[in-house]
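One structure is given below, encoded as structure tokens.
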Amino acid sequence: MAGPRIALFIPCFVEALAPATAGNLRRLCDRLALDWYQPREQTCCGQPSFNAGFWREAARCAAKFLTDFADADAVVAPSASCVAMVRRYVELAALSSEQRAAAIEIGRRTHEICSYLVDVLRIVDVGASYHGAVAYHDACHALRGLGIREQPRALLRHVRGLDLRELPGGPQCCGFGGTFSVKYPEISASMADARLAALEATGTATLVSTDLSCLQHLGGRAERRGQPFIGFHVVDLLAAQGPV
């Protein structure tokens, strides 16, 4: 019996800022023998417009997403933030009633990669290996928006040679929040500094998360502070089969 046909949704910032992560997602899917494809016409999920209050523009992005991914059994993305946005399409009043019905359905079929592997496919060992210590950061949309906490940790614990460490102080926002970091830069920087101090306390400079946006924000702040920092999207480590 054939498995589900999976459409990979590569967020625009991953495509632009970390194309290697997109490649690692494809390699990971190949290693797991998943039946995947990547719709060529896909664009932004609409979250930047939505968060800025441009809901009609966000609805246009949503309508295109619904078309681009209509035929997929499942949509999988390396971003909890974008997945959370897809699941909010039903809130967009500019969509027709038919589109909102489609949005509910596609929201059920759209998953962050760690959640899809663990919760849907029941996979925790992807055959990865990485020798070194890493700390894990809970991205807000993953933890609070989608309830993703144990899934990435379960996958990382099965990476051979990896020493997984927890940030002291429990889950806290990195301070990015999209336009929040632009509107409130002092608060954003202070929140980032607190996360970087927690990372330093773990004894490793390597941080892993489900969301590239958090890693980019913290990496930029670490560079300004002169603090050592290495950021890996969780997909980069799950695709690894040796030193990264």
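The values are calculated or read from the model by the stated rules, or taken from the named source; none is laboratory data. Just so it is clear, the model here is predicted, and its values are computed rather than measured. Cβ sites come from the backbone with ideal geometry, for glycine too, and all protein chains shown count toward neighbours.
General observations
- Close pairs from region 179-204: first closer than 11 Å to L218 by Cα, partner of a type in the set (S, T, N, Q), Cβ under 6 Å, at least 6 apart: S188/S181; L196/Q227
Per-residue answers, yes or no, for (1) in contact with an Asp or Glu (Cβ under 9 Å, 6 or more places away or on another chain); (2) within 21 Å of V14 (Cβ to Cβ):
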residue: L32; (1), (2): no, yes
residue: Y37; (1), (2): no, yes
residue: C45; (1), (2): no, yes
residue: A63; (1), (2): no, no
residue: D68; (1), (2): yes, yes
residue: M85; (1), (2): no, yes
residue: E91; (1), (2): no, no
residue: E98; (1), (2): no, no
residue: R108; (1), (2): no, no
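- Looking across R26, R60, R108, one residue alone is surrounded by 14 or more Cβ atoms within 10 Å (Cβ to Cβ), part of a helix (DSSP H, G or I), at pLDDT 95 or above and under 19 Å from the mean Cα position of the chain (by Cα). It is R26.
- Screening E223, E186, E200 for residues that are closer than 24 Å to A154 by Cα and assigned to a helix (DSSP H, G or I) leaves exactly one candidate, E200.
- Residue in region 147-165 that is of a type in the set (D, E), touching a Lys or Arg at 6+ places or on another chain (Cβ under 7 Å) and either without any contact (Cβ under 8 Å) to a residue 40 or more places away in the chain or buried (at least 16 other Cβ atoms within 10 Å of the Cβ) (or both) present: no
- With respect to the stated conditions, C44 is part of a loop (DSSP other than H, G, I, E, B) and under 17 Å from the mean Cα position of the chain (by Cα).
- Total residues in region 124-158, condition part of a helix (DSSP H, G or I) and among the acidic types (D, E): 1
- In summary, T67 fulfils each of the numbered conditions (1) touching a residue at least 24 places away in the same chain (Cβ under 8 Å); (2) closer than 20 Å to S49 by Cβ with the single exception of condition (1).
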